[in-house]
Amino acid sequence: MNLTEEHLKRLADFAIEAATRAGNYVSETRPTNVEHKGAGGSLATEVVTEVDRASQNMILEILKPSFAAFDLGLLTEESPDDGSRLEKDYFWCIDPIDGTLPFIEGVPGYAVSIALISRAGVPMIGAMHDPVENTLYHAVRGGGAFKNGSTWQPDLSDTATRLNIFSDRSEAKGPRFKPAAAALEADLAGTGGAVMNAIWCLENPPACYFKFSKTGVGGGCFWDFAATACLYHELGAVATDVAGKPLELNRAESIYLSHCGVLYATHPALARRFLDSNKEPHEK
């Protein structure tokens with residue numbers, strides 16, 4: 001079905017309620033049992049807690065009426081990919097706690113993230129709740145960006161201020177990170193999960209967040225980037241792969257983005273600086 005502006009508004013209300021309630025739950029709860037899921041490429045992607053699963057269940061219960069009403073598919077981190085994302089016109093894409101490792105450690109860098117994505121891989125809605133700051137961000141494609149329910153338009157102008165980089169811990173330890181930061185004359189300002197890295201960039205411009213491509217699984221999944229990609233689109237910021245191409249947020253082959261990497265930048269000129277100084281090996 002084709003979603004109208006009114007449909008998107010109704011679905012955004014679902015996502016906002018689910019992200020807020022799950023975020024409040026996460027903010028009030030500490031994990032008692034940490035498990036390891038196995039594949040994922042780094043410790044941060046392999047750990048899971050009972051709080052992740054409870055948050056997911058809470059989100060799904062709130063979103064439940066929307067599935068039949070709008071014929072939606074589903075992809076969520078703590079359940080197997082059932083393939084509905086490739087069959088339905090739109091699907092919910094859920095990360096019940098992005099940044100589980102910071103959550104376990106009790107440090108900032110984790111968030112609840114919910115996106116609605118079209119079958120073509122276009123993020124239509126993004127709702128993200130930061131439990132540490134009790135802050136909700138959301139965006140609707142073509143409908144603007146919001147912070148705690150109010151229209152949000154941070155000053156993302158490209159200035160001479162020294163650039164901030166926010167990064168995953170594993171990426172910051174990688175062989176290409178320090179040369180990239182040096183080329184940009186940038187400082188590592190913080191490390192967190194993918195969602196908060198992207199949001200911290202918007203809150204501390206000029207800033208960027210990147211993950212180079214690599215072989216094998218890893219590099220984050222659709223649920224790590226879809227909601228913030230919608231937010232960036234509405235703010236006129238940049239969310240692409242590390243070659244400057246649109247993020248592939250519904251590949252049939254894999255839910256991982258290791259093949260293309262990601263680039264978030266608060267201004268197009270900043271993205272161009274990164275792309276000019278950090279060409280991927282296959283591009284040279």
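Quick notes
- Any hit, segment 156-171, residues being in a loop (DSSP other than H, G, I, E, B), at pLDDT 95 or above, among the small types (Gly, Ala, Ser) and not assigned by TED's automatic domain parsing to the domain that holds Val112: no
- Exclusive hit being crowded, with 20+ Cβ neighbours inside 10 Å and touching a Cys at 6+ places or on another chain (Cβ under 6 Å), set Ala226, Ala239, Ala271: Ala226
- Given (1) without any contact (Cβ under 8 Å) to a residue 40 or more places away in the chain; (2) buried (at least 24 other Cβ atoms within 10 Å of the Cβ); (3) more than 24 Å from Gly143 (Cβ to Cβ), index of the condition Asp187 fails: (2)
- Residue pairs whose Cβ atoms lie under 9 Å apart, sitting 6 or more positions apart in sequence or on different chains, and linking a residue in segment 149-177 that is loosely packed, with under 11 Cβ neighbours inside 10 Å to a partner that is outside any loop (DSSP other than H, G, I, E, B) and β-branched (Val, Ile, Thr), are Gly149/Ile16.
- Helices (runs of 4 or more DSSP H) (entirely within segment 175-244) containing at least 2 residues that are modelled with pLDDT under 95 and over 19 Å from the mean Cα position of the chain (by Cα): 177-184
- Failed item, numbered, when Arg169 is tested on (1) in contact with a helix residue (DSSP H, G or I) (Cβ under 9 Å, 6 or more places away or on another chain); (2) more than 28 Å from Asn278 (Cα to Cα): (2)
The values are calculated or read from the model by the stated rules, or taken from the named source; none is laboratory data. It should be emphasised that the depicted structure is a prediction, and the values quoted were computed from it without experimental measurement. Please note: Cβ atoms are built from the backbone with ideal geometry, for glycine as well, and neighbour counts cover all protein chains shown.
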